[in-house]
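Each remark here refers to the structure printed beneath this line.
The values are calculated or read from the model by the stated rules, or taken from the named source; none is laboratory data. Only a predicted model underlies this, so the values are computations on that prediction, with no experimental measurement involved. Here the Cβ positions follow ideal geometry from the backbone for every residue, glycine too, while neighbour counts run over all protein chains shown. These accessible areas exclude ligands, DNA and RNA; they are computed on the full protein's heavy atoms, side chains included. Shrake-Rupley method; radii C 1.70, N 1.55, O 1.52, S 1.80 Å.
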Amino acid sequence: MKAQKDRALYYSTNEHHYYGIVNSLDRSSCVIAGPVICTLARSQNVKQIIHDAHIPAEYEEEFSNFIKTIPRISHIGLKNLLVLFYRELNHENIGLEDINDTVYLAEGIHSELNDEDIAEQKNVDVTEYYTYEKKICGIIEAGDFTGMKNAINRIAFPPVGRLANSEIRQAKNVFIISATVCARAAIQGGLDIKSALELCNHYIHKMEDCQSINYLEELSLPMRLDFTRKVYEAKIPANLSKDVYKSIQFIRENVNKPIAVDDVARCTGKSRSLVSKKFKQEMRINLNAFIVSCKLETARDLLRFTEKPISDISAYLYFSSQSYFQNLFKKKYGLTPNKFRQTHQQSLVEKNDSPT
């Protein structure tokens with residue numbers, strides 16, 4: 001490790017233990033951190049380490065206890081520590097992207113699910129992932145590009161349990177699940193099946209070519225944005241004029257603001273009468289009615305995918321009153337907001353209870 005020329009880097013051993021190193025600017029000293037581990041130390045892995053390291057029998061128990069006390073931390077957590085060490089050692093800053101990774105992967109231990117595997121999985125609350133998936137799917141299905149950009153910065157990716165013996169394979173399996181879920185949500189949102197599956201395959205192929213977990217995490221962001229953008233574009237009729245297209249973008253991006261026809265006209269730089277006329281001709285709906293329709297679509301998604309109170313949804317979307325919002329919602333969807341939420345939740349329960 002000391003022979004490397006990098007300012008900072010980390011290694012992953014065959015047993016998925018991490019070691020990091022930070023060098024001083026003049027190469028006269030360094031800081032080495034480790035070992036740390038990203039997953040629970042399983043007895044099978046510990047036995048393999050003891051065998052590979054040729055640990056004498058009289059020290060096996062002591063060594064095994066040591067392995068099981070290695071701190072658990074993600075590779076991102078280790079990189080953050082290395083950034084801190086570098087700043088303290090050299091009195092200057094580096095970014096996470098400046099820390100290289102040298103990963104040695106093993107084939108892993110292939111075995112049937114055992115009691116230890118089951119116990120490990122029970123420590124992970126997978127219901128968090130289901131909630132996360134619902135939120136992301138709702139945003140993609142709505143084609144809410146701005147909402148997706150905000151969600152990427154706001155919603156943390158939850159644990160999903162162990163899906164592979166190596167961390168890189170774990171990350172790839174999670175990526176495949178995410179890509180598949182995004183494609184399904186995009187189809188529900190109106191994107192044609194062919195386009196959705198082609199986009200899904202495109203990102204899975206890119207994912208399989210990479211060997212850096214950091215790159216995999218970065219790749220998932222444009223993937224979700226691409227699916228959301230495709231759905232958004234699919235919801236907009238073709239051959240629209242520039243002014244009408246810009247008006248639609250402005251409305252969808254500001255649906256949770258008290259916008260009116262004058263605001264839409266201002267964003268195009270054209271007069272209210274001209275924009276209203278062109279919008280009615282091309283979209284076959286009044287501009288003001290379209291604003292209300294977009295707000296109601298957002299309200300529908302909030303009722304389906306969040307636990308926000310109806311009063312909060314009404315206020316969030318700037319309806320003049322809750323009763324006015326409820327009347328408009330019932331007129332559009334045939335149910336009151338409360339009844340719509342109850343019906344949707346009941347359908348989810350029935351779907352989850354049905355045999356697969």
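Of all residues in the range 184-213, exactly one satisfies the criterion of being open to solvent by 80 Å² or more (accessible area, probe 1.4 Å) and touching a residue at least 60 places away in the same chain (Cβ under 8 Å), namely Gln211.
Does Asp301 satisfy the condition of being modelled with pLDDT under 95, out of contact with any Gly (no Cβ under 9 Å at 6 or more places or on another chain) and among the acidic types (Asp, Glu)? It is false that Asp301 is modelled with pLDDT under 95, out of contact with any Gly (no Cβ under 9 Å at 6 or more places or on another chain) and among the acidic types (Asp, Glu). For the range 286-301, indicate whether the set of residues that are over 20 Å from Pro237 (Cβ atoms) and either surrounded by fewer than 16 Cβ atoms within 10 Å (Cβ to Cβ) or without any contact (Cβ under 8 Å) to a residue 24 or more places away in the chain (or both) is non-empty. No, the range 286-301 contains no residue that is over 20 Å from Pro237 (Cβ atoms) and either surrounded by fewer than 16 Cβ atoms within 10 Å (Cβ to Cβ) or without any contact (Cβ under 8 Å) to a residue 24 or more places away in the chain (or both). Can you confirm whether Leu296 is at pLDDT 90 or above, in contact with a Phe, Trp or Tyr (Cβ under 7 Å, 6 or more places away or on another chain) and part of a helix (DSSP H, G or I)? Yes, satisfied.
Please tell me if Leu221 is under 17 Å from Ile76 (Cα atoms) and surrounded by fewer than 17 Cβ atoms within 10 Å (Cβ to Cβ). Talk me through it step by step, then tell me what you get.
Numbers: under 17 Å from Ile76 (Cα atoms): yes; surrounded by fewer than 17 Cβ atoms within 10 Å (Cβ to Cβ): yes.
Criteria met by Leu221.
Go through the range 50-76 and report how many residues are in contact (Cβ under 8 Å) with a residue 40 or more places away in the chain and either in contact with a Cys (Cβ under 8 Å, 6 or more places away or on another chain) or not aliphatic (A, V, I, L, M) (or both). Spell out the reasoning first.
So in the range 50-76, the residues in contact (Cβ under 8 Å) with a residue 40 or more places away in the chain come out as 70, 73, 75-76.
In the following step, the residues that additionally are either in contact with a Cys (Cβ under 8 Å, 6 or more places away or on another chain) or not aliphatic (A, V, I, L, M) (or both) were identified as 73, 75.
Summing the residues that are in contact (Cβ under 8 Å) with a residue 40 or more places away in the chain and either in contact with a Cys (Cβ under 8 Å, 6 or more places away or on another chain) or not aliphatic (A, V, I, L, M) (or both) in the range 50-76 gives 2.
Looking at the structure I just gave you, is Asn239 open to solvent by 40 Å² or more (accessible area, probe 1.4 Å) and on the phi > 0 side of the Ramachandran plot? Spell out the reasoning first.
Numbers: open to solvent by 40 Å² or more (accessible area, probe 1.4 Å): yes; on the phi > 0 side of the Ramachandran plot: yes.
Taking the combined requirement at face value, the residue satisfies it.
Cβ separations smaller than 6 Å between residues 6+ apart or across chains give the following pairs from the range 312-336 residues that are within 17 Å of Asp301 (Cβ to Cβ) to residues that are among the hydrophobic types (A, V, I, L, M, F, W, C) and in a loop (DSSP other than H, G, I, E, B): Phe325/Phe319. Quick one: in the range 260-277, which of the residues that are aliphatic (A, V, I, L, M) and in a helix (DSSP H, G or I) is surrounded by the most Cβ atoms within 10 Å (Cβ to Cβ)? Among residues in the range 260-277 that are aliphatic (A, V, I, L, M) and in a helix (DSSP H, G or I), the one surrounded by the most Cβ atoms within 10 Å (Cβ to Cβ) is Val264. Residue count for the range 224-235, restricted to those that are out of contact with any Leu (no Cβ under 7 Å at 6 or more places or on another chain), more than 29 Å from Asn100 (Cα to Cα) and crowded, with 19+ Cβ neighbours inside 10 Å: 2.
Is there a residue being modelled with pLDDT of 85 or more, open to solvent by 40 Å² or more (accessible area, probe 1.4 Å) and not hydrophobic (A, V, I, L, M, F, W, C) anywhere in the range 345-355? Before the answer, list the steps.
Looking only at the range 345-355, we keep the residues that are modelled with pLDDT of 85 or more, and these are none.
No.
Ser320 fulfils the conditions (1) of a type in the set (Ser, Thr, Tyr); (2) surrounded by fewer than 12 Cβ atoms within 10 Å (Cβ to Cβ); (3) assigned to a helix (DSSP H, G or I) except for a single criterion, (3).
Scanning the range 243-259 for residues that are among the aliphatic types (A, V, I, L, M), within 12 Å of Asp144 (Cα to Cα) and outside any helix (DSSP H, G or I) returns a single hit, Val255.
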